[in-house]
């Protein structure tokens, strides 16, 4: 049956530079549709979309809508007062959110959805590559560019769809998966969810969409997953149990968390009857995704630079633990940009205890993203909380333009330098490797 994405000839994307929206834009370009879109800031993603044929506008204005547009896809970060969305609705143009568009893509496909508070991007990419290497020719949609594919989208010709399924605002309920992977459940997105029980209720509803013929792949011992496992009518497979029954997988990526991600992917492969040899070979050659413990290079002074998207306490701990596995005796400096005032405020104590593997922590201003400024919480509060545990470990820095000079003249001495956070902090890593001056503060 033809969907609205199949029939659309001119599609406009609001927030086209976003990790999910850009994947749908690439898909529509591949299908031959005329694509336009807007975003607030320039980015490498926008440059790639322009090269592929999209018309891009910086800033949101009603005039950005093409006169012949027949579909608008928008980020869920766009408010109802977004001028492009308002204009499209006034004109009677069909409008779909990114999660709705992803759900439409999945219609009629054998959908493997990967969800969970942490690890879903890497696990999705691993599964996508595994199906590719097994000759199953999947379509893959991931929240970060896969290093092996150099994109957040792989367009396949088979029935298989591998998709990252985000829990924010219950977005993943637009999917009806055949196989569902849940990596873990933790307190997050507390600007939307009331508490952990509210988060769990969303996952229970998602798992219920599997039906009795579906497969639920989870770490059953994870206490926060108990309500999901208890209520599921699908076949439940414990990927941690599978890990205990097999040898440690050989991976390019360090970290115990990546071992678990790989075991989840391997369990999907087994469910699809992919041979153990193909599974091991595929996972061994997986190089990761952008901004997930991504090696960026060296500064002119020889400091090793890594960048990571981690923005929750468990992710911070996992990333630092993985770097310590790689560099047990090296001096490690972290620049952390907290993401969201609400998350920083509600999880302040957990954040403070998550930097134990770092020698020094530089804390940047909180990246507001979709939130209004909250003066009751500041980056300095996190610095104080970290230093209350280990005196002089952390300091606050609002301007990163001095960091290249500090590294060059030796005032900032370190062997490993990690930029960490879901905001704009990755630009600092790029600037350090290139020997330039960061443009963000």
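Taken together, the values in this text are just the output of simple stated rules run on the coordinates, not laboratory data. Computed from a predicted structure; not experimentally measured. Reconstructed Cβ throughout: ideal geometry from the backbone, glycine too, with neighbour counts over all protein chains shown.
Structure above, values below:
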quantity: Potential lengthening between residue 58 and residue 110 on full extension [0.36 nm per residue; Cα-Cα distance subtracted]; calculated: 15.1 nm
quantity: Ordering of 376-382, 66-72, 166-172 by packing [mean C-beta count within 10 Å, highest first]; calculated: 166-172, 376-382, 66-72
quantity: Along principal axes, Cα extents of the range 108-284, largest first, whole Å; calculated: 42, 34, 31
quantity: Residue 235 versus residue 434: modelled label distance in nm, points set 7 Å from Cα along the beta carbon direction; calculated: 5.0 nm
quantity: Shape call, the range 212-283: gyration tensor on alpha carbons, a/c limit 1.5; calculated: oblate
quantity: Alpha carbon convex hull of the range 149-193, volume per residue in cubic angstrom; calculated: 117 Å³
quantity: For the range 348-413 and the range 316-346, distance of Cα centres in Å; calculated: 10 Å
quantity: For the range 294-434: rounded, prolate or oblate by the Cα gyration tensor [a/c cutoff 1.5]; calculated: prolate
quantity: Enclosed volume per residue, in Å³, of the convex hull spanned by Cα atoms of the chain; calculated: 145 Å³
quantity: Helical contribution to [θ] at 222 nm, DSSP H n ≥ 4, -39,500 (n - 2.57), averaged over the chain, rounded to 500; calculated: -10000 deg cm²/dmol
quantity: Span from the the range 106-140 Cα centroid across to the the range 59-92 one, whole angstrom; calculated: 30 Å
quantity: Directionally averaged shadow of the range 1-134, computed from the convex hull of its alpha-carbon atoms, nm²; calculated: 9.1 nm²
